[in-house]
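One structure is given here, and the rest of the page talks about it.
Quick note: the coordinates plus some simple rules give every number you see, no bench work behind them. Just so it is clear, the structure is predicted and the values come from calculations on it, not from any experiment. Glycine also receives a Cβ, built like all others from the backbone with ideal geometry; neighbour counts cover every protein chain displayed.
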Amino acid sequence: MKMRSIPTADLIDDYSDLCASCDVQFLQFGRRSSFHGRIRTVKCYDDNVLVRRALEAQSDGEVLVVDGAGFLGSALVGDQIASLAISNGWAGIVIFGALRDSVALREMEISIKALGNNPRKSGKNGIGESDVAVRFGNVVFRPGDWIYSDEDGILVSQENLLQKKNA
């Protein structure tokens, strides 16, 4: 799926009343630097079963937002799970936590934002929640809302801002 660059600075200049800016300073992983799409969520702690399950499902360009509680002690995504996201049509992943396989991810056609990396695998108990509102960085990420991300940061809106821009 070819993604055009989304200038978040321009979007927030034009629609500051319709979007919120996440104040977490994420690191960028993957070959792509920008993405946008409807939000899907997973809330978990040191357990990536629900993350894998979400990314195993076909997507029409959604973005998975993972609230890992900011835990950096284990990775919630690695190259195998990122490969699932790519093959199933996901536009990107935001991880409020850690990932692994950062060298391999650099070459993959996806954009992933995470707090950092850790080679340790996460637990596999299936504990957590899917498709619930999650909050970090002074933003609420609700399933079905829109997310826009580039090198400058992350914006969230209830409306499709690109549709407004093209109208």
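Structure notes:
- Restricting region 100-167 to trypsin sites (Lys or Arg not before Pro) in coil, as DSSP defines it, with at most 16 other Cβ within 10 Å: R120, K124
- Spatial offset of region 42-56 relative to region 109-167 amounts to 13 Å, using the alpha carbon center of each.
- Sum of side-chain charges, V77 neighbourhood, beta-carbon under 12 Å (Lys, Arg +1; Asp, Glu -1): +2
- Among W90, W146, the ranking by other beta carbons within 10 Å of each residue's beta carbon, starting with the fewest, stands as W146, W90.
- Label-point separation, N166 to S87 (7 Å along Cα→Cβ), nm: 3.0
- Neighbourhood net charge (11 Å Cβ-Cβ; Lys/Arg +1, Asp/Glu -1) for V63: +1
- Listing I127, I112, I81 from fewest to most neighbouring C-beta atoms within 10 Å gives I127, I81, I112.
- Coupling constants for region 136-149 follow from the phi torsions by the Karplus curve (6.51 cos²θ - 1.76 cosθ + 1.60, θ = phi - 60°), and in residue order they are 7, x, 6, 10, 9, 9, 9, x, x, 6, 10, 10, 10, 9 Hz; glycine and proline get x.
- In sequence order, region 68-83 has phi-based couplings of x, 6, x, 6, 10, x, 7, 8, 9, 9, x, 5, 5, 5, 4, 4 Hz under the Karplus curve 6.51 cos²θ - 1.76 cosθ + 1.60, θ = phi - 60°, and Gly or Pro positions carry x.
- Placing a label point 7 Å from the Cα of D79 along the Cα-to-Cβ direction, the residues of region 90-119 whose backbone N falls under 13 Å of that point are 100-109.
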